[in-house]
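Q: This is the structure I have questions about; it appears just below.
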Amino acid sequence: MAPFLNLLTFWILPVYFEGALSRQAVFVDSPIYTKMGDSATLPCTYSTTPARGFTLEWRFAAPGSDAVQAERVLYFDGTLYQVTSWGGRMQLLHSPPTGGTASIRIVDIRPSDTGLYICEITNPSDWSGSGTGLINLTVLMPPSTPVCKLNGNPSVGQDITLTCKATQGLPQPIYTWTKEKLQRLLPASSMVQDQRTGTLFLQNLSSPFSGTYTCQASNELGQASCRVNVSVSYTSTAGVIAGAIMGTFLILLILGAVGVYFLWYRKKKSKNPQTGNEIREDDTAPAFYAPRQKHEDTSSQLLNHHTERHETSSLSSPKLSGFV
């Protein structure tokens, strides 16, 4: 409440204009809280007498935005203007707002109506009665249906995190995790939950961790829940170990087969007889012929054959007579 009073004090400090007239703030009420779907009245009163040039303006700034960036939602200068995006949900309590009351009523309150509302009165003929007021409106609502998720690998010996989050809810929801059909008490050190963020951390999983987990989001206006199923399996660790063993066994089997084949091949090769140009000690040496003697014998045979043919020819030729 103290920050709000400081803000109120700031707005009622006199501000001198042209050294003669002071400008005072209009009525500023305390923060307003209302439930979603209800209606809310935002009060704004003033003490000046409207004259020519009198205007009323309501502006709205969503949470997280500056007041200087507030958007105009209602304006009166003798004629009433309203933005269409509100769908007629904003109404003046007194129309026209010329009797000292510029309050508005918002019906069918929605979560998007939460924010800062600025009421500004301008009366050029009476600057002391002109001013601005601020009102903070907060829309309260029960938690929306949260979303439950499982993050991690639910295998024996592993860790997983269950998350639960509601997109809407004011005041801020509190999250509570429970396990359905709890047949065996789980170790408290293996289950760590954060009621503010909605996380449940499960460590060193085992078979008893399997089951359905329920998350309940609640505040003063209501509650909502979601569920997630956890099924702890043995496939991850056992599969990795079995795969490693099988891989090692296959590699050793292949290396053994290659080694046996190599030894068999060496043994078979050593038993085969030697061929080619190799000379064994128990073989008979091949005969040796002198090339020159063979040439001479061949020449003699050719010469004798030629002599015999010549003699035969001489004996068989007839003698010719009568020639002088």
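Q: Within the set of pairs 6+ apart or on separate chains, which have a first residue in the stretch 70-93 that is touching a residue at least 12 places away in the same chain (Cβ under 8 Å), a second that is open to solvent by less than 30 Å² (accessible area, probe 1.4 Å) and in a loop (DSSP other than H, G, I, E, B), and C-beta atoms under 7 Å apart?
A: Close Cβ pairs (under 7 Å, with a partner that is open to solvent by less than 30 Å² (accessible area, probe 1.4 Å) and in a loop (DSSP other than H, G, I, E, B)) amount to PHE76/PRO97; LEU93/SER103.
Q: Okay, moving on. Restricting to the stretch 194-205, name every residue that is under 25 Å from LEU221 (Cβ atoms) and open to solvent by 80 Å² or more (accessible area, probe 1.4 Å).
A: Listed by number, the residues that qualify are GLN195, ARG196.
Q: Can you tell me which condition PHE60 does not meet? The list is (1) surrounded by 14 or more Cβ atoms within 10 Å (Cβ to Cβ); (2) at positive phi, and all the others hold.
A: Among (1) surrounded by 14 or more Cβ atoms within 10 Å (Cβ to Cβ); (2) at positive phi, PHE60 violates only (2).
Q: Can you name every residue in the stretch 221-230 that is modelled with pLDDT of 95 or more and open to solvent by 40 Å² or more (accessible area, probe 1.4 Å)?
A: GLN223, SER225, ARG227, ASN229
Q: Could you check the stretch 134-154 and list, in sequence order, the residues that are within 30 Å of LEU42 (Cα to Cα), part of a loop (DSSP other than H, G, I, E, B), out of contact with any Pro (no Cβ under 6 Å at 6 or more places or on another chain) and open to solvent by less than 40 Å² (accessible area, probe 1.4 Å)?
A: Selection gives SER144 alone.
Q: Restricting attention to the stretch 154-190, which residues are within 26 Å of the chain's Cα centre (by Cα) and more than 23 Å from ALA217 (Cα to Cα)?
A: PRO154, SER155, VAL156, GLY157, GLN158, ASP159
Q: If a residue has to be among the aromatic types (Phe, Trp, Tyr) and not in a strand (DSSP E or B) to count, how many in the stretch 77-133 make the cut?
A: Selection size over the stretch 77-133: 2.
Residues checked against (1) closer than 30 Å to ALA166 by Cα; (2) open to solvent by less than 30 Å² (accessible area, probe 1.4 Å):
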| residue | (1), (2) |
| --- | --- |
| GLY37 | yes, no |
| SER47 | no, no |
| ALA51 | no, no |
| THR55 | no, yes |
| ILE106 | yes, yes |
| ILE109 | yes, yes |
| SER112 | yes, no |
| ASN123 | no, yes |
| THR132 | no, yes |
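Q: Select from the stretch 201-220 the residues that are in a loop (DSSP other than H, G, I, E, B) and closer than 19 Å to MET141 by Cβ and list them in ascending order.
A: Listed by number, the list holds a single entry, GLU220.
Q: Within the stretch 146-183, work out how many residues are out of contact with any Leu (no Cβ under 6 Å at 6 or more places or on another chain) and closer than 26 Å to ILE32 by Cα.
A: Residues meeting the conditions: 8.
Q: Follow-up question, since we're still on this one. In the stretch 185-199, how many are of a type in the set (S, T, N, Q) and either outside any strand (DSSP E or B) or touching a helix residue (DSSP H, G or I) at 6+ places or on another chain (Cβ under 6 Å) (or both)?
A: Residues in the stretch 185-199 being of a type in the set (S, T, N, Q) and either outside any strand (DSSP E or B) or touching a helix residue (DSSP H, G or I) at 6+ places or on another chain (Cβ under 6 Å) (or both): 4 in total.
Here's the yes/no breakdown for (1) among the aliphatic types (A, V, I, L, M); (2) open to solvent by less than 90 Å² (accessible area, probe 1.4 Å); (3) at pLDDT below 85:
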| position | (1), (2), (3) |
| --- | --- |
| VAL156 | yes, yes, no |
| THR161 | no, yes, no |
| THR178 | no, yes, no |
| LEU263 | yes, no, yes |
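The values are calculated or read from the model by the stated rules, or taken from the named source; none is laboratory data. This structure is a prediction, so every number in the text was calculated from the model and none was measured. Don't worry about glycine lacking a Cβ; one is built from the backbone with ideal geometry, like all the others, and counts go over all protein chains shown. Note: accessible area is taken over every heavy atom of the protein model, side chains too, but ligands, DNA and RNA are not part of it. Shrake-Rupley method; radii C 1.70, N 1.55, O 1.52, S 1.80 Å.
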